[in-house]
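The values are calculated or read from the model by the stated rules, or taken from the named source; none is laboratory data. Computed from a predicted structure; not experimentally measured. All Cβ positions, even for glycine, are placed from backbone atoms using ideal geometry, and neighbour counts span all protein chains on display. Ligands, DNA and RNA are stripped out before the accessible areas are found, and what is left, the full protein with its side chains, is counted by its heavy atoms. Shrake-Rupley method; radii C 1.70, N 1.55, O 1.52, S 1.80 Å.
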Amino acid sequence: ERYEALGPMYYRGADVAVVVMDNSKMSIEAAKTMVSKLRRDWGSDVRPICIVQNKSDLPDFKYQKEIIEDLDVNFASSASALYGENVTKVFMQACKLAIMERKRKIAQNKLAINTDMQETKKTFGCC
């Protein structure tokens, strides 16, 4: 909770979000909250959201299909980070969604493409 205010700083400019949860009630509630925050903070600039239910290697794993469907995300999958099961699939799909998002923004003239590498440098800081 101490770092909750820092979250938007990390996902503000993102083209896609990957939210990971496990089977615990606390994790599921945190994932729901995160999806809501992303939608609230992104506002009308809708971006793809992927949800991954981790720990599919555990014997008591149950895919939370109803909960995931209620979240209305662009992509959902189960995965096992321990064994690397579906991890590549999740990130490949997230990359595809990010590319599609960039193409959508370019088509809507919401993202300019600058081919002059000299001009793309940005300065950061207060001065």
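How long is the gain from ASP72 to ARG39 if the chain were fully straight, where each residue apart is worth 0.36 nm and the alpha carbon distance is subtracted?
Values: separation 33, 0.36 × 33 = 11.88 nm, distance 1.12 nm.
Between ASP72 and ARG39, full extension yields an extra 10.8 nm.
Which loop chymotrypsin sites (Phe, Trp or Tyr not before Pro) in region 3-54, with loop taken from DSSP, have no more than 15 other Cβ atoms within 10 angstrom of their Cβ?
For chymotrypsin sites (Phe, Trp or Tyr not before Pro) across region 3-54 that sit outside H, G, I, E and B with at most 15 neighbouring Cβ atoms in 10 Å, the list reads TYR3.
Provide the per residue accessible area, probe 1.4 Å, for region 1-108, rounded to a whole number of square angstrom.
Numbers: 7090 Å² over 108 residues.
That works out to 66 Å² per residue.
Along the Cα→Cβ direction, 7 angstrom out, place labels at ALA107 and LYS62. What is the inter-label distance in nm?
Rounded to a tenth, the inter-label distance reads 4.1 nm.
Could you sort out which of LYS32/LYS55; LYS37/LYS62; LYS62/LYS96; LYS32/LYS62; LYS37/LYS103; LYS32/LYS65 sit more than 21 Å apart by Cα distance in this structure?
Values: LYS32/LYS55 18 Å; LYS37/LYS62 25 Å; LYS62/LYS96 27 Å; LYS32/LYS62 17 Å; LYS37/LYS103 24 Å; LYS32/LYS65 13 Å.
In this structure, LYS37/LYS62; LYS62/LYS96; LYS37/LYS103 lie more than 21 Å apart at Cα.
Assigning unit charges at the beta carbon (Lys, Arg +1; Asp, Glu -1) and nothing else, what dipole magnitude in debye, to the nearest 20, does region 31-94 show about its Cα centre?
For this selection, approximately 160 debye.
List the chymotrypsin sites (Phe, Trp or Tyr not before Pro) within region 58-114 that fall in a DSSP loop (any state other than H, G, I, E or B) and whose Cβ has at most 15 other Cβ atoms within 10 Å.
Taking region 58-114 and a limit of 15 other Cβ atoms within 10 Å, the loop chymotrypsin sites (Phe, Trp or Tyr not before Pro) found are PHE61, TYR63, TYR83.
For an R0 of 25 angstrom, estimate the FRET efficiency from the Cβ-Cβ distance between LYS89 and LEU6 and round to the nearest 0.05.
Using R0 = 25 Å, I get an efficiency of 0.30.
Counting only protein heavy atoms, what percent of the accessible surface of region 1-86 is carbon or sulfur at a 1.4 Å probe?
On region 1-86, the fraction of accessible area on carbon and sulfur atoms equals 53 percent.
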